[in-house]
Structure formats: C-alpha cells, structure tokens
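First the structure, in the form of structure tokens, and then the observations on it.
Every number here is computed from the coordinates shown, using simple stated rules; none is lab data. Predicted model, so just to flag it, every value in this text is computed and none were measured. In this analysis, Cβ positions are derived from the backbone assuming ideal geometry, glycine residues included, and neighbour counts consider all displayed protein chains.
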Amino acid sequence: MTIGVLVLGVLASGLALAADAVKLTLTSVRVVQENKNGQVSETFQPALSVRPGDLVEWRLEAENTTERPLRQVVLVIPIPKETRYLEGSALALERGNTRLLPLFSYDGGQTYGLPPLKRKVKVNENGKELEKEVEVKPEEYTHARWVLPELAPKEKVLLKLRTIVR
Amino acid sequence: MKRFSGILSLLLVLWLGLAIAQTPAGTSIQNQASATYIDSANQPRSTTSNLVVTVVQQVYSFTITPNSTHSGSPATEANLTAPGQIRTALPGAPVYLAYTVSNTGNGSDAILLSPAQGIADNFDLTGVSIVRDINCNGQPDSGEPTVTSVTLAQGASACIVVQGTVPASATNGQIANINLAGTSQGNSSVTDNDNWSRVIANTAATLTLTKSASPTSSVTPGQNITYTLSGSNTGGSAAGAVTSVVTLGTARNGILITDVIPSGLTYVANSLSGSAGAGTVTLIYSTNGGTSWTSTQPSSGVNAVGMLIEGSGNFFPQGASYTLSFQAQVPAGIASGTSYSNFATLKFDANSNGNANDPGETVTSNTTNNTVGAAYSVLVGPYQNPLGSASGTYTAGGYTVARSGDTQSITSAYSGSAVIFRHTLRNTGNTTDSFNLSYLGQPAGWSCQLLADDLSTPISGAVGPVAAGADYSFALQCTISASYTTTSAVSLTLKATSTGDASKADTTADSVSQVVSGYSVDVAHNTDGTAGGEPVNPANNTRPGYNPPVNPGGSAQFPFEVKNTGVNPDTYNLTATLPASWTAAFYPDTNCDGNMDTPQPASVSSTGLITANQIRCFIAVVNVPTSATPVDVTPGTSDNVQFTATSTTLGSVSDTILGAVDVNAVRTFSFTPNRSGTVTSPGTIVYTHTLSNTGNQPATVSIPAYTSTYGWTYQYSTDGGTTWTSSVSGLSLPIGATANLQVRVIVPAGEPINRSEAATLTATATYASGTASASVIDTTTIVGGDLRLSKSAVSYVGSTATVRSGTAAQAFPGDEIVYTVVAENIGTGNLTKVVVSDPLPAYTTFVSVSATTTIPGGPVLYSTNGTTWSTTAPTNLPAGSVIYVGVDTNGDTNITAADTMPPSGKITLTLRVQVQ
C-alpha cells in the first residue's frame, strides 16, 4: 500500500511541473466615469494606485493552451476584502447560445450561489433562540465564479467584474 | 454638506459607519484569480493567475458640524438661511460655540481651523479663540488648550469650542455671525465652510444648556452612557415660566428641559435625576418621543426624558443653575460603528410674554456623539451548539459522539483509529471577525488536526471572516497511535480565540473515556479444512490427536488460520520455534482446505494485509533433518513446535499455536562388501569389510563366531589387524558412523584344490528400539598353483576423483568404477604363459585399461581375444568383451609358454568403466 501511495505522489509532482493547460491573466483598471449632458462616458486608467470610492474593474482572461478540450473549467475572481462588489457588474458569459451566469460566495469561497444569497443567523428574541434567514448584501460577497462545461482547444474567454474601493 | 437638521443625526450615523470601513491609505490590495478544470487525461487540475497589486492612496476628507444652511452655493454669510447654532449672551459676557471636527478620510490628517467674523451682522465677538474641548462638554475647561488645528487619525473626531466675548456696547437683540472654516492640511482644496453660528446679545434672561456624555466618545455594547444636562441663567434678568409648557394631566407652567433619547438606546430605569436652583422640579417621561409626557416613570418604552422647573412669572433668578442627568444603555450585540448623537432642548420665557417663541427662548444644547467600538466575542461548543447547551448524539468517523452541555464524549475508541469531534463556533461580537482555533490535552502518540466542516480539508491559520452573529462549523480529528491504550479518560480542550481581540476566547471540551487496543490476532489450527469454525482461543492453540510421524529428512504439515480480531487492517509476520536444526516454511492455503495447493505456492514470511475479522489460511511445513533422533511427543501436552503470527504494526500483538511432530526410529545398518579370494593350502587370506550405522540411533554390533564346514579358522579384527578374535561383540557404532572389519581365513594344509567355501557372516546391530542385521558372503577357493588372484573395485562420483564408495558398493549411473586385478606368483618356482583376463561388466561402458608388472625384461601386451597381442592398450572395448594382459619376457610380441613369471612377480590390471 505504501509503495502505491509513493508512486502516486511522484506522478503528481511530476505532472505539476508541466505547463498549466489553462493560462490565467488577471488585470485591473480604474474606471473613471464622466457625465456629460446626461451621457455617461467611461475611461480606463491603470489601477496601480486607487483611492477609497474608486471603481476598479477586474478582467480575467483564461486561455486553453492545449490542443485538447478541457472540462468543468471553474474560473474564480476573488473580491479583495479592501473592496466591495458592485452589484450587477459581473456579467454572464455568452458562449454561442448559452449564457453562463456568475455565482457568488460570501464565505470565502466555501459555498457559491446565485444572488440573492441567504445566510442563516441565530438571534435571541425574548430569551428564545431563533434561526433567521437574511439576505447577504452584494458588498459582503467574497468571490465570483463561472463554471464552463468545456473550454475548447486554444479558446479564450474574458470575464469581468467591478469593485469599489472601501 | 447641506442637510435638513431633522435627519442630521441619522445621516451622521450612516456617514460615520462608512468612514470606519474606509480602507486605510497605504494598504495594498492584492488579487489572484484561480481556475480548476479536468484535463484531457481526466485528471482534476488547478492553476492560479498572476498576482495583481494595487496600493490605496490617501483621501483627505473631514467634516465640521453643526452645519449652517444656505440658499446657494458656495456657502457664504450672504446666502445664510439658518445658522447651525444660536447662542445668546449678555453684553460683556463670554459665549461658547461648540463644534465637532471629524476626519472622514482614510488616513491621518491635520484640520486647519480659522474663525471668520461675519460682516452682514451687528457686531463682532472680541477675543475669539479656538479651544480643544477634550471632555466634550461644550465649554472650555481648565487645562484645555487653545489650538489652530487638530490632528486626527482616520475615523477620529474632536470637540472644539469657539469662544469669544460679546462687546459691552452691544444692545439687546443685536446679532453676530461667525463661521468656523476648516481646511485639510493634506489637501488644501478640501474645506468645510458651512459652519456659521449666531450669537445674539441679550440683556434679557439667558439660560445656557450644555450637554455632556460619559464616556465621551467610544462605547461598548451593553454599556451605560450617562448624559448630563446643565446650565444656568447667565442673562441680565430672571428667567420666566412658559405658560402651559407641558401637560401632566393638567397644563403646567415653567421652564422645560427635554431630551429625546437616541433611537437604539434604552433608558435605564430610575436613572433620571435633576435639581434646580429655583422652582419646583418634576421629572417627566415620554414613550412617544416627547409628544406627551407623564411624571410617573413608565415601566418600559421610555424614549424621552425631561425636567419641568415649575414656577410662575420670572421665578428663575440670575445665576441660578440646574442640572439633569440620566443613563441610557447601548444594546448588547449592536454592530460596531453604530453612532449615537444626542442633544437637549430647553424652553423658557425671557420677555414676560409667557411663551418661548422669541429668539433665544428655545435653547438647543451641543450635540454629543458616541460611537460603538468593535466588541469581539466568541463562543465555541459542541456541533451545532456553539452556546454549549447541547444534548443528543451524532456519528463521525465511525464513532458515536455524545453531546452534553459544553462537552462532547466518545465512550470508547480503538488505538490506531481516528476520532472526530465536530464543533460549531459563533461570532458573538458586534463585528465581522476571524478566529484562531487551537487544542491541547492530546496525549503523546496522538496526532490531531483541525478540519473544515467537510471533515477532509485541513484548516490552517484563522477561520473566517465570520459575520457578527454567524456560525462556523469545523472538526477536530485525532489519530490515536497504534500502541496507545488507556482506561482513564483523555480530555481535549478546544479553544477559539478572536483575532480582533486575543483576550476574547472560549473553550469547549472533548473527551474519550477509554482507548482499547485496535489490534488483535488469533491463530488457530485449521482442523476442519475450512476458514473458521475452530474452537475459541486459547483452545485452538493446540491440536490434540495430531502428531504426524516423520522419518529423518521428512516433513510434517500443520494447516492453520490467521484471523485479524482487531478493528484495524494489519499484516502479521509468521515465525516458527523449533528444535535445533529443524526448519519450517509457510505456504498460503488459498482455499483453506488444509491441503497444500497445486502447484505448490511460493513460501511466505508474512500474511499480507488482513482486514478486520478476515481469515487467511496457511500451511506450516516442518522439515526434520536427516540426523534427527527419534521423538515421541504428545500433542497438547509436550508439543515441540510453535508457530507465531506477530503484528507488524504493534509488536506486542501476537498469537502462537503449538504442534507435535514425532520422528520415527530408523534402524538401518550395512555390512559390505562380499569378498572372494584364492588361497593355497596351507594359506591365509584377509578380507576387509565396512560396517555402517545409517539409522538414527547409536548401535552396538556383534558378530558370532563362524563355524567352517572344513574346519577352516575364521577370525575378526576391528583394530586394523592388531588383534584377532573369533567373534565380535560390543562394537559401538554411533549414528552415521562406519567401522572397518577384517576377516582372516586360515586354511590348514592338505585341502584339496578347488575346494571352495562361501561363508555367510552376519552382523547384528542392537538399537534402543530393536535390532537390525546384515550379512556378507566371503568366498574362499583353494588353488593348487602358486598364482594368487585378487580383485578389488572403487567407485567414483561421475568422472571425478571423489570416491563414491571405497568398495564400489554404491555407484550411480554415470559414475566410474576402477577394477584392480592383481596376479602374484606366491610359489617358489617360475610360472609360464600367465594371462590375466577380466570381463567388461554388464551395464558398463569401457573407459580405459592399463597394466603394470614387476617382472623384469618384458613389456606388457594387451589382447581383446587372447590370441593377438599388442603393446598398446585398446581404446575401446565392446560390451561383453574380455581384456587380456600378459608379460612378453622373450620379446616375440606374443604370450607363449616361453614367457615366464618368476617367484614374487606381479601383474596388475587396472580397468576403468562407467556405469550406464
């Protein structure tokens, strides 16, 4: 039994050295909105430094670098704790005739769901402990993810979401 | 900064709440995306993106309150519609304007403060200065410094008093406007200029109202805030009562001080007290925010308090003072950052018209601000019972875990297994928090780790963030070492500690009442040819009635079965304890039938992995050496072999079975070879024999005296011919020993030629267990001439020089045998035409032949037919042929009567053959 485990361990580490089949590139830009005669125009600036209240857009490009399709590709953009998610800014991924909706987590990526997310809270009312379900506000989201059933060879997808610096 | 004052306090709460959440300047925001996927080889993989780092810059922001309202922007005195605060004062008297400065940016900043006197008013204040109001009571106190700026950390605020003096020349009703302008030192474009206040010169009665809160700023959930309202008549006349200022059953007249308790705070019963320097004091309460009042304290729901100083006319003289205080409690569990601001209102009559509608007659105090600080608290307890009031059971890791109060326990666990205690903690603080989990109390040899609620993902570092009031479940898993057992309870203490305040922690207890060994093995004789079905241990350790008898060199089989009677999988080493020089080997008996499998499997030294309650069968084969002496043992009583299975995990776990092997007594004895010879009469001949004890016991050999038919004398010698006796007795022959025995035949004179006697000589070996006998036949023939022939043979192992048998008594196919025939003239005269012949024995193949002679003069000649002779020896000889040799003493290359053999002459013929 021990020998078997050892062999698996060696295999796993050997494969880990191989290049990743999915190449992830994350970039961030600062979104500057200007309102001219009721027309909101946006310009994008490098987000090397930001201020509280600034709008930051996170762009994740994922590319299948191999010649074979990959399955069950789960792409995760964390929402930094110094920022809060801008509701509605994570867009569905349009692929052919399917729309992949983003899922969100409020518990550090342990569980994901479609908004509105619910959280169970125990409250003490008149000496009785009750469990209440409360809605989790978008600003409490910690992660967003998209689950792609398949990523074709050499296919690239671009995912975006926006956060506001706290 | 333009707000309706009515919603000021609400907005302030929200604004401060956001301010606290601002990310501090210099923070680096780091982000890294990740992906998991299944590759073309169906293997789950994961990868991460580059790390993106963004640094948060400082934002400068602050507020000065109270704000004035204006009809345009920017705020100026010209478009002032309502000052933020109005104070009245006697000409020549000091006046205090209270402000609060708050840093709402995300870093430390200095706020530069400058007072600006109005120009669209009646007079300017003299001696204007700014005082840092450390205790926030709205007026300068001894020791409070004069400042031109305040430096505030992120989220901090400070109370400020602008003080000045109303010039003595001011007349009743004249006003002065003054603004407190602020500028951020970090960013001079950030300013706050809408802080206009108004001072009204007043020779009439002036009642001041200042409010203080204790503690002054930060409060904790559950804490009481003590509010104190105080003031005095600093005006130039006595203050008067307002008609019907409040209705307490009936309309009452007097001076009224009221305070609406901030929403969220709870009035502390019986905490309201007050006194006044004149008039009659009545404490009053409202449960509807001051719409209606009662002098009887309601049992609950008080949300406004006040004091009526009852009197008539101008009853409150110059210099008279009053005070009112009460307590309100911050709710337990309130969120961090929640802010409570509060001010009070006073109504009196200054111009004897019986109402409080004239300027200065309704006084609003300074506003106190209390913000709830972060309070960290945690409770951890049994699974789904963070509060520690648990009951019932659940199953984890194969064990039933009982919950009772704040304790979880497992009644009994096995060594080598893992126990899992699931837990739930609750963030009982008022803000999001993370928690460090730790445990102690695990004995040496236990290996514990914390797992997420999926019972597989290890937890490293703090868990969270967990929102205020939310629960987080996890588990403590401890693997008990194989050798650990105990009858006393093992207690583990699990602790959750707030990362926000490391002094806030809670513990819960886990215990294992006893640990019994999870390793056990039972070895049993397999008596029924199937797995199991044997008697229980230890009865199955012996096998009465089974004592296989074996010959030396033989083997005995013991079928047995090994059962893992523990709870953990284990492998057992198989060993045997045997008499000296015995050996044993173990063979798997796959079908447990007790018989050796066909083909015979390879022997093993361990059982291989056996899971709990599984049985595997084996056969122990005991090999008895050829030298083994007889053994007779009784199974179950005097067993002589043992087989043991020992756990490879825990060496103290083993089981041994006993077995009995009998060794047969073997009485084999040999007496070889048969001999034949010729002798003259009179004459003597000696035959040499070998006695061998090939049994497994010592033997004593005896040979009786031989009685010759012809009166010849037979004698024996066991010492190489030194002493001769007529019989042999008491010759000791140990196991495997051989002894030489010489037989001497003495023939008297006068025996006829060709008389022959075949003497059968029988030797008897006496063993402890019986006797064995063997015989040789010595054939002696009387010859007339003087030529004596003798023949001997030696066998060799194959074609080597290793002797198989000195007497050729034993030879295997392929062995070579050398026959030596010696012809000697034992007479006194010459012999002629001496030809020595020897047939090629049946079932042998000729190898070589040679001959030597002691006769001088002639070469040895060879013949295969007795008539044609050659000086060279033949190199092959067909089966059934005879080889002839002679000595050609006259040199005619033929053996004739002319060729002589002198006395003592010898011809030696050596024939080498190979056994077919």
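Things to note:
- Close amide-amide hydrogen proximity is noted between B:Q223 and B:V330, each under 5 Å apart and 5 or more residues distant or on a separate chain (H modeled in the peptide plane; Pro and chain starts excluded).
- Phi angles across the range B:117-129 convert, under the Karplus curve 6.51 cos²θ - 1.76 cosθ + 1.60 with θ = phi - 60°, into 3J(HN,Hα) values of 6, x, 10, 9, 9, 9, 7, 9, 6, 9, x, 6, 8 Hz, Gly and Pro given as x.
- Reducing the range B:384-434 and the range B:856-882 to their Cα centroids gives an inter-centroid distance of 108 Å.
- Going by neighbour counts of Cβ atoms within 10 Å, the residues B:M901, B:M596 line up, fewest first, as B:M596, B:M901.
- In the range B:387-538, the C-alpha radius of gyration followed by the widest Cα-Cα span (Dmax) gives 19.7, 73 angstrom.
- Across the range B:567-720, Cα-Cα pairs farther apart than 18 Å form 73% of the total.
- Kirkwood hydrodynamic radius over Cα pairs of chain B, then Stokes diffusion coefficient at 25 °C and 0.890 mPa s, in µm²/s: 59 µm²/s
- Cleavage-rule hits (trypsin sites (Lys or Arg not before Pro)) in the range B:738-842: DSSP loop, at most 16 neighbouring Cβ within 10 angstrom: B:R755, B:K833
- Once the Cβ-Cβ distance of B:N595 and B:S732 is raised to the sixth power relative to R0 = 45 Å, the FRET efficiency obtained is 0.55.
- Alpha-carbon Debye profile of the range A:20-152, log10 I(q)/I(0) at 0.19, 0.22 Å⁻¹: -1.19, -1.36
- Inter-site label distance for B:S189 and B:S503 at 7 Å from Cα along Cβ, in nm: 4.5 nm
- Radius of gyration and Dmax over the Cα atoms of the range B:758-893, both given in Å: 19.0, 67
- Summing Cβ point charges (Lys, Arg +1; Asp, Glu -1) relative to the Cα centre of the protein assembly as shown gives a dipole of roughly 900 debye.
- D_trans [Stokes-Einstein, Kirkwood Rh over alpha-carbon pairs] for the range A:17-63, 4 °C, 1.567 mPa s, µm² s⁻¹: 100 µm²/s
- Using θ = phi - 60° and Karplus 6.51 cos²θ - 1.76 cosθ + 1.60, couplings along the range B:490-506 (whole Hz; Gly, Pro as x): 9, 10, 10, 10, 10, 10, 10, 10, 5, 7, x, 8, 5, 7, 9, 8, 9
- Here is the P(r) of the protein assembly as shown: all C-alpha pair distances, binned every 10 Å from 0, give 2, 7, 10, 10, 10, 9, 7, 6, 5, 5, 5, 5, 4, 4, 3, 3, 2, 1, 0, 0 in whole percents.
- Fraction of alpha-carbon pairs over 17 Å apart in the range B:543-640 - percent: 57 percent
- Spatially proximal aspartates and glutamates relative to B:K906 (Cα-Cα < 20 Å; intrachain offsets below 8 disregarded): B:D786, B:E824, B:D838, B:D888
- Gyration tensor verdict on the range B:137-263 (Cα atoms; rounded if a/c is under 1.5, prolate if a/b is larger than b/c, oblate otherwise): oblate
- Phi angles of the range A:150-166 translate, via the Karplus equation with coefficients 6.51, -1.76, 1.60 and θ = phi - 60°, into HN-Hα couplings of 7, 10, 5, x, 6, 6, 10, 10, 10, 10, 9, 8, 10, 10, 10, 5, 6 Hz per residue; Gly and Pro are given as x.
- The range A:73-121 and the range B:556-626 have Cα centres lying 61 Å from one another.
- Ranked by how many other Cβ atoms sit within 10 Å of their own Cβ, fewest first, the residues B:D719, B:D597, B:D888 fall in the order B:D719, B:D597, B:D888.
- Counting all C-alpha pairs of the range B:308-412, share separated by more than 24 Å (%): 61 percent
- Shape call, the range B:199-282: gyration tensor on alpha carbons, a/c limit 1.5: oblate
- Helical contribution to [θ] at 222 nm, DSSP H n ≥ 4, -39,500 (n - 2.57), averaged over the protein assembly as shown, rounded to 500: -1000 deg cm²/dmol
- Hypothetical label at A:K132: residues of the range B:293-336 whose amide nitrogen lies under 18 Å (7 Å Cα-Cβ projection): B:331-336
- Within the same chain, lysines fewer than 8 places from A:K81 are excluded, and of the rest, those with a Cα less than 22 Å from its Cα are A:K118, A:K120, A:K137, A:K160.
- Distant-in-sequence amide H partners of B:Q174 (H built 1.01 Å from N, under 5 Å): B:A201
- Mean projected area (nm²) of the alpha-carbon convex hull when the range B:451-602 is viewed from all directions: 16.4 nm²
- Partners for B:K563 among aspartates and glutamates (Cα-Cα distance below 16 Å; same-chain residues under 8 apart left out): B:D522, B:D528, B:E534, B:D589, B:D593, B:D655
- Percent of C-alpha pairs per 5 Å bin in the range B:683-840, short distances first: 2, 7, 14, 16, 17, 17, 13, 9, 4, 2, 1, 0.
- Residues whose amide H falls under 5 Å from that of B:S606, counting only those 5 or more places apart or on a different chain, are B:L574, with hydrogens built in the peptide plane.
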